[in-house]
Amino acid sequence: MLLACTTKTLTSDPVSLSGLPLHPRSSPQAEQILSDEPTPHSYIDIGSIGTQQTTSTTSAPVVALPVVVTPTTTTGSMLPVVTTTIPTTTTGKVFDPEVEQWRDLVSVYFKSGDVERVLELIYCESSGNMYAQNPKKTLYGYAQGLLQHMTSLFPTRALEAKSAGYTNYGDVWNPADNLSVGAWLLYETKQGWNHWTCTKLLK
């Protein structure tokens, strides 16, 4: 195969074999222009993983340097895929999904150091079922909801909790109300954790 050669000197932007302009970095003339004409600072803001936004304060030529993201997985596309693992707990303890779903809400009403113990109570008392009710009636009625409040005691306790700043609407079936009154029992009454006695073992 014979190749035709030319000695013609390029006086404009170089052209690739496909007829498309090469990257400015490949042109000596472009390099000279960029080095002679200062450009203002440009800022690269990573708003979210895999998203790059470049802004500048003027319309002067700006060459944005690439941000390299090392892919952790590969797919059929050429784009890098970045995965983020968020720990479920700070101690490594993971509950059943029926219980874990209440973690954020529990964190609203209870101190951070008590969250997992409260989740243990929820697992023990109701298995995470907000409509759980103990079929056995006692002197104080039935135990109901996530933390199994007694039917004859809950209305009065809900009012006292609300007066003390533990917002609730007195609905034992509402998980927020159930937990709010539970937090009041734990932190504002002498019995504290002793309001609950559960022998169900964690898995």
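The values are calculated or read from the model by the stated rules, or taken from the named source; none is laboratory data. Since this is a predicted model, take the numbers as computed values, not measurements. Counting neighbours? That spans all protein chains shown, and the Cβs are built from the backbone with ideal geometry, glycine included. What goes into the accessible areas is simple: the full protein's heavy atoms, side chains included, and nothing from ligands, DNA or RNA. Shrake-Rupley method; radii C 1.70, N 1.55, O 1.52, S 1.80 Å.
Computed quantities for the displayed model
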| item | result |
| --- | --- |
| Full-extension gain in nm, Ser107 to Asn174, via 0.36 nm per residue minus C-alpha separation | 22.5 nm |
| Karplus-derived 3J(HN,Hα), 6.51/-1.76/1.60, for each residue of segment 126-134, Hz, glycine and proline x | 9, 6, x, 8, 5, 9, 5, 9, 6 |
| Integer Hz, Karplus 6.51/-1.76/1.60 couplings in order for segment 112-123, x for Gly and Pro | 4, x, 9, 4, 5, 5, 5, 4, 5, 5, 4, 4 |
| Computed label-point distance, nm, for sites Trp193 and Val94 using a 7 Å Cα→Cβ extension | 2.5 |
| Residue-level accessible surface for Arg117, protein heavy atoms, 1.4 Å, Å² | 120 |
